[in-house]
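To start, the structure under review is shown below, and the notes come after it.
The values are calculated or read from the model by the stated rules, or taken from the named source; none is laboratory data. Just so it is clear, the model here is predicted, and its values are computed rather than measured. Backbone-built Cβ (ideal geometry, glycine too); neighbour counts: all protein chains shown.
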Amino acid sequence: MPSSQYFTSLSKESKNLFLFIQKKGPLTKKFISETLNIKLTTLNRLLKPLFELNLLQVTDYISQTGGRPSGLIDVNPMHYGFIGLDISRLYMNIIFTNLKLDILHQTQLTVDSSMTPRRLIQELNQFIQDIQQTYKTSHPELLGIGIGCVGPIDEDTGYLLHPERFPSSHFDHIDLRVTIANATGFDTYIASGSQLALLAEVTFGVGKDHNHVAYINLGEGIRNSTAIHGNLLSMHDSHEDAFSKMQLTHNKTIDDYASLFSLRKTCSTNTKKAHTIISTTPLLNDQLINAAEMTAIGLSNYIRLLSLDCVILSGPMIKESNLFYETLYDKTLEYLKSTPHLHVSFSRGGSFDHNSIALGSAYHLGLQLFL
């Protein structure tokens, strides 16, 4: 059975070297040696088991002045693969990636009151059968399953607790990691979905060249995570709602103004004059503008508090409403004029859009296998 046992023979130094090449590659030996300050003889020793396990390959050769062409070393994209599972309030996104995190196969499930862990496992096993059938005469070989889930998640046990506003009650207080691992036979890891989305963005996406980065997903609820110098700030029991609970005016929070759950309560019956979010929530221009303006008050304060230099805005409210996004963007910049030393880059959807959580889940799995 494919599992972390493949990599138990690797030294910690070889594992760290693989993760460095996965993040930065393709690279020459000279560049690796100089950047990591290790001798070429040591580097060759650390590389040897990585090549033997087909984790790395030489992808090309580049000319060097006065010497032989130098090989470019990169992750082998076609020998191993990961499943990334995004469990959100509106859908479940399942992807199969190679070690370079290219998406090779994908399916999406709607989440409603009829969704159960048993049905999820059935869909997951069918997905595994599909990829094994597709790649039966070739690689990549599946190593495990990474899950990014709406919180809260018990940090000690990995239990999914009581996810607020989750359409199905069947996922309350369930050890989803162990349940899926036992049902599929693969190593499985679970963590906060918003944190894993940000992990993908700060490692491979728009956040990798910034110091203080926030990821905010505005949908049925409002989920957020923050990274300082590439390190994700931990949240108790993987709660993702710190930003949404920020109190604004009239004893209302950002969630009260801008989550789809709250906005749906004030939906107009005149759908002809409304923008429709996720095909179910018609919102008038005034509603969208007010929601964006109030969110901008909280966002500008959040940016000041953490000296953010990159904000990734995601979710249905951002993706499906230009009016909401543009108002939020303009008003946030307006409120930040009093702090001109802050220079903030905004990204609509980040580098990976709706796949960020699933990709982060796949990458997180790889990190756990290499611990």
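Observations, loosely collected:
- Here R264 clears all of (1) charged (D, E, K, R); (2) over 20 Å from A227 (Cβ atoms); (3) at pLDDT 90 or above except the condition numbered (3).
- Matching residues, region 154-164, being surrounded by 14 or more Cβ atoms within 10 Å (Cβ to Cβ) and of a type in the set (D, E, K, R): D154, E155, E164
- Looking only at region 351-366, and only at residues there that are assigned to a helix (DSSP H, G or I) and not small (G, A, S), the one that is surrounded by the most Cβ atoms within 10 Å (Cβ to Cβ): I357
- Candidates in region 15-36 are the residues that are among the hydrophobic types (A, V, I, L, M, F, W, C) and in a helix (DSSP H, G or I); of these, the one that is farthest from V58 (Cα to Cα) is L36.
Yes/no matrix, rows are residues, columns are (1) in contact (Cβ under 8 Å) with a residue 40 or more places away in the chain; (2) crowded, with 24+ Cβ neighbours inside 10 Å; (3) touching a helix residue (DSSP H, G or I) at 6+ places or on another chain (Cβ under 6 Å):
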position	(1), (2), (3)
L218	yes, yes, yes
R223	yes, yes, yes
N231	no, no, no
E240	yes, yes, yes
L248	yes, no, yes
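- Residue check, P316 within 23 Å of the chain's Cα centre (by Cα) and assigned by TED's automatic domain parsing to the domain that holds L218: yes
- Count of region 312-331 residues, restricted to those that are outside any helix (DSSP H, G or I) and surrounded by fewer than 18 Cβ atoms within 10 Å (Cβ to Cβ), is 0.
- Only one entry in L99, L50 is in the same structural domain as R165 (by TED's automatic domain parsing) and either at pLDDT 95 or above or surrounded by 19 or more Cβ atoms within 10 Å (Cβ to Cβ) (or both), namely L99.
- One residue stands out in region 124-141 among those that are under 14 Å from N54 (Cα atoms) and touching a Gly at 6+ places or on another chain (Cβ under 9 Å): the one that is modelled with the lowest pLDDT, namely H139.
- Close pairs (8 angstrom Cβ cut-off, 6 or more residues apart or separate chains): outside any loop (DSSP other than H, G, I, E, B) in region 38-54, β-branched (V, I, T) and crowded, with 18+ Cβ neighbours inside 10 Å anywhere: L43/I32; L47/I73
- Between R304, R348, the distinction of being surrounded by fewer than 18 Cβ atoms within 10 Å (Cβ to Cβ), basic (K, R) and within 15 Å of N217 (Cα to Cα) belongs to R348 only.
- Checking I32 against (1) farther than 29 Å from A181 by Cβ; (2) modelled with pLDDT under 95, the condition it does not meet: (2)
- Some residue of region 273-291 being touching a Gly at 6+ places or on another chain (Cβ under 9 Å), at pLDDT 85 or above, in the same structural domain as L342 (by TED's automatic domain parsing) and crowded, with 21+ Cβ neighbours inside 10 Å: no
- Considering residues of region 105-120 that are under 11 Å from A183 (Cα atoms) and more than 21 Å from the chain's Cα centre (by Cα) only, the residue surrounded by the fewest Cβ atoms within 10 Å (Cβ to Cβ): R118
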